[in-house]
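The values are calculated or read from the model by the stated rules, or taken from the named source; none is laboratory data. It should be emphasised that the depicted structure is a prediction, and the values quoted were computed from it without experimental measurement. Here the Cβ is made from the backbone with ideal geometry for all residues, glycine too, and neighbour counts use every protein chain on show. In case anyone asks, the SASA skips ligands and DNA or RNA and just uses the protein heavy atoms, side chains included. Shrake-Rupley method; radii C 1.70, N 1.55, O 1.52, S 1.80 Å.
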Amino acid sequence: MLIYPWSEDPIFCFTSDVDWASEEVLEYSHKALSGENLSITYFNTHPSSFIDKLAKSGEVRQLIHPNFLPNSSHGESFLEVMEYCRRLVPDADGFRTHRYFEVNDIMDEYAKRGFKFFSNHCLRCEENITPLHHRSGMVSIPIFFEDGGYLIMEPDLNTDVLKNRLDSPGLKVINFHAAHMAFNTPRFEFTRKIKDSLSRESWNNLDLKAIQSLSYPGFGIRNVLELIIEYVFKRNHKIMTINQISEEFIGTKGI
């Protein structure tokens, strides 16, 4: 039986779905979470000079977050969406689809294009999570905690179950959205209502003044993320990038 780092210990990995957030929302979220210490991988939906700058310095990694849903700004067909995202991050070898949308046609096409892994399965803070061999030949790296998912799972933001599982063995992919971090979403509908009240252009250009006026002042999902990050560093748990996890798994899986 192969022994991986996550077989015996918790291994943390921080990722973020960009979801068309404005430059100031992205910067606010990154700094609020001490992003320079987390080796974040950003799954990009659109060009961002802020993320480009971080990537060029080696502080973060960029992958893609294709939107295959109707009325997508990425394209009108699966292939158009893939081509848009290829131009967005030409060296991407992994992806996470917007709203986790997938069908076999998409997965097989990405495998043909040389993609190694994807992170599309959002779990309920499960223990002993490990990468999976997908039928396409790619590796599936499940998510341990997603901000939006946790808001649905635990609408009162009770962190007891979460805290009890942070020390357990397994992958702990922590996925967040810059908008939820900026607005400190207290319940799922809160940020959804803000987004629905704005035009696409307004959403893409939200500034610091708007963030400060709209942010929830009480205990919200950003505070939950802050607790996780504080705990990871307090316990000196290992952090890996999602690419490192994929490489570790692919390098030793033997098939």
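Assorted remarks:
- Screening D91, D105, D9 for residues that are within 27 Å of T130 (Cβ to Cβ), open to solvent by 20 Å² or more (accessible area, probe 1.4 Å) and touching a residue at least 40 places away in the same chain (Cβ under 8 Å) leaves exactly one candidate, D9.
- Test: residue in segment 11-25 that is among the hydroxyl-bearing types (S, T, Y), in contact with a strand residue (DSSP E or B) (Cβ under 8 Å, 6 or more places away or on another chain) and more than 21 Å from H237 (Cα to Cα): no
- Tabulated pairs, segment 45-73, first of a type in the set (G, A, S), second open to solvent by 20 Å² or more (accessible area, probe 1.4 Å), C-beta under 6 angstrom, 6+ apart or interchain: A55/Q62
- Screening A92 against (1) over 22 Å from N243 (Cβ atoms); (2) assigned to a loop (DSSP other than H, G, I, E, B); (3) in contact with a helix residue (DSSP H, G or I) (Cβ under 8 Å, 6 or more places away or on another chain) leaves a single unmet condition, (1).
- Check on G149, out of contact with any Ser or Thr (no Cβ under 7 Å at 6 or more places or on another chain) and either under 15 Å from G94 (Cα atoms) or aliphatic (A, V, I, L, M) (or both): no
- Filtered residue count, segment 116-137, keeping only those that are under 20 Å from I106 (Cα atoms) and either free of Cβ contacts under 8 Å to residues at least 40 places away in the same chain or outside any strand (DSSP E or B) (or both): 11
- Scoring S140 on the criteria (1) in contact with a strand residue (DSSP E or B) (Cβ under 7 Å, 6 or more places away or on another chain); (2) free of Cβ contacts under 8 Å to residues at least 40 places away in the same chain; (3) loosely packed, with under 14 Cβ neighbours inside 10 Å; (4) among the polar types (S, T, N, Q) leaves a single failure, condition (3).
Yes/no per residue for (1) closer than 30 Å to T130 by Cα; (2) open to solvent by 70 Å² or more (accessible area, probe 1.4 Å); (3) at pLDDT below 95:
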{"site": "K163", "(1), (2), (3)": "yes, yes, yes"}
{"site": "G170", "(1), (2), (3)": "yes, no, no"}
{"site": "F176", "(1), (2), (3)": "yes, no, no"}
{"site": "K195", "(1), (2), (3)": "no, no, yes"}
{"site": "N204", "(1), (2), (3)": "no, no, yes"}
{"site": "A210", "(1), (2), (3)": "no, no, yes"}
{"site": "S213", "(1), (2), (3)": "no, yes, yes"}
{"site": "F219", "(1), (2), (3)": "no, yes, no"}
{"site": "E230", "(1), (2), (3)": "yes, yes, no"}
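- Residues of segment 34-58 satisfying the condition of being in contact with a helix residue (DSSP H, G or I) (Cβ under 6 Å, 6 or more places away or on another chain) and either open to solvent by 10 Å² or more (accessible area, probe 1.4 Å) or farther than 25 Å from F115 by Cβ (or both): F50
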